[in-house]
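Please read the structure below before turning to the comments.
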Amino acid sequence: MDCCTLSNFSCCESSYIETPSQTCPICKHQGILVKNFTVKHIVLDEYLPQIGINDYFLCTNPECDVGHYQGENVFYKQQLKVPIWLKKDANPKYVCYCGKVTEEDIMDAVLKKGAKTLSEACKITGAMKDCKCEINNPTGKCCAAVVKEAFERATRIKEENRDCLN
Ligand SMILES: [Zn+2]
């Protein structure tokens, strides 16, 4: 029986109850929910058979080596295809995973290439052009807030430097 065709009962909605957030098995920090298909896209191919069908959590503690986890499944940051930008030693530190734009690229655009607005910085670097953040970003979330933050930091540095130079 295909329950999705029944008009007064939607299994698709009721089956999608948000999983209560789990804490990181190593550092005990609260994680953020990351969809299963995001994890499938981020984890190195050799670990694909271990992923299963459940959604995961991402450890947002910069000091912790854990990336995604769900129950007994733990993927450390070294087991992922890309560095997690919010970890302290992420290298390179991507702000936009789709365009492979790093924090440094944004700094460059503002400090050396004269970008004065966020959209100018995006145009120069190629950030936020072809957004597939749901599968490319380890958080599964749009990079816009992170790109904006990097731009604002770069702008502040530029202003401070100008004060020094004058
Ligand atoms: Zn952790």
Residues located in segment 105-152, provided they are among the small types (Gly, Ala, Ser) and closer than 18 Å to Phe37 by Cα: Gly140
Candidate set: segment 27-42, residues that are of a type in the set (D, E, K, R) and closer than 15 Å to Gly140 by Cα; chosen: the one farthest from the ligand (Cβ to nearest atom): Lys40
Segment 50-83, residues that are assigned to a loop (DSSP other than H, G, I, E, B) and either within 11 Å of the ligand (Cβ to nearest atom) or surrounded by fewer than 16 Cβ atoms within 10 Å (Cβ to Cβ) (or both): Gly52, Ile53, Asn54, Thr60, Asn61, Pro62, Glu63, Cys64, Asp65, Gly71, Glu72, Lys81
Number of the exception - Ala121 against (1) within 17 Å of the chain's Cα centre (by Cα); (2) away from the ligand (no atom under 16 Å from the Cβ): (1)
Some residue of segment 99-114 being under 30 Å from Cys24 (Cα atoms), of a type in the set (A, V, I, L, M, F, W, C) and in contact (Cβ under 8 Å) with a residue 60 or more places away in the chain: no
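Got at least one residue in segment 101-112 being in contact with a strand residue (DSSP E or B) (Cβ under 7 Å, 6 or more places away or on another chain) and outside any helix (DSSP H, G or I)?
At the first step, the residues of segment 101-112 found to be in contact with a strand residue (DSSP E or B) (Cβ under 7 Å, 6 or more places away or on another chain) are 101-103, 106.
Pick out the ones that are also outside any helix (DSSP H, G or I) and you get 101-102.
Taking every residue of segment 101-112 in turn, at least one turns out to be in contact with a strand residue (DSSP E or B) (Cβ under 7 Å, 6 or more places away or on another chain) and outside any helix (DSSP H, G or I).
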One residue from Asp89, Asp130, Asp45 being within 16 Å of the ligand (Cβ to nearest atom) and surrounded by fewer than 16 Cβ atoms within 10 Å (Cβ to Cβ): Asp89
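Would you mind finding the one in Ala90, Ala127 that is under 24 Å from Phe57 (Cα atoms), among the aliphatic types (A, V, I, L, M) and assigned to a loop (DSSP other than H, G, I, E, B)? Write out each step before concluding.
Working: Ala127 fails: under 24 Å from Phe57 (Cα atoms).
On inspection, the qualifying residue turns out to be Ala90.
A short reminder: the numbers here are calculations on the coordinates, not readings from a lab. Because the structure is a prediction, the values reported are computed rather than measured. Positions of Cβ are backbone-derived with ideal geometry, glycine not excepted, and every protein chain shown enters the neighbour counts.
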